[in-house]
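Q: Below is the structure I would like to discuss, written out as structure tokens.
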Amino acid sequence: MNQQPSEEAYKDQQAKRLKTAQQLYWSARRFKKAMLAHQHPEWDAERLEAEVRASFMHSALLNR
């Protein structure tokens, strides 16, 4: 028997996938920031954030 999931179940599944993707994204940013802070202890928080932002923006442009 081939059962189609209900629309509500489908929406719930999509919402969970989106939440998981968002969690992965922000985890990756935190890991990148920690790595850069370890490699460049002389950088302040503002510089670290700028470098992480630039890194992720560059990555997004490459994946177009």
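Q: In nm, to one decimal, how far is the Glu42 label point from the Ala15 one, both placed 7 Å along Cα→Cβ?
A: Modelled inter-label distance: 5.0 nm.
Q: Then there is this: Determine the calculated [θ] at 222 nm for the chain from helices alone, applying -39500 (n - 2.57) to every DSSP H run no shorter than 4 residues and normalising by the residue count; nearest 500 deg cm²/dmol.
A: Counting only the DSSP helices, I get -28500 deg cm²/dmol.
Q: Follow-up. Using only Cα atoms and rounding to the nearest 10 degrees, what angle (0 to 90) does helix 7-39 make with the longest principal axis of the chain?
A: Rounded to the nearest ten degrees, it is 10.
Q: I would also like to ask the following. For the chain, take N as its residue count and report Rg(C-alpha) divided by 2.2 N^0.38 Å.
A: The value comes to 1.69.
Q: Can you give the extra length, in nm with one decimal, that the chain gains between Gln3 and Ala34 once fully stretched, where that is 0.36 nm per residue apart less the Cα-Cα distance?
A: Extra length available between Gln3 and Ala34 comes to 6.6 nm.
Q: Quick one: Ser6, Ser55, fewest Cβ neighbours within 10 Å first, how do they rank?
A: Listed from fewest to most nearby Cβ atoms, that is Ser6, Ser55.
Q: Something else about it: If the reach is capped at under 24 angstrom between alpha carbons, list the lysines near Lys33, excluding any in the same chain fewer than eight residues apart.
A: Hits, sequence-local ones excluded: Lys19.
Every number here is computed from the coordinates shown, using simple stated rules; none is lab data. Nothing here was measured: the structure is a model prediction, and the numbers come from that model. For neighbour counting, all protein chains shown are included, and Cβ atoms are generated from backbone atoms with ideal geometry for every residue, glycine included.
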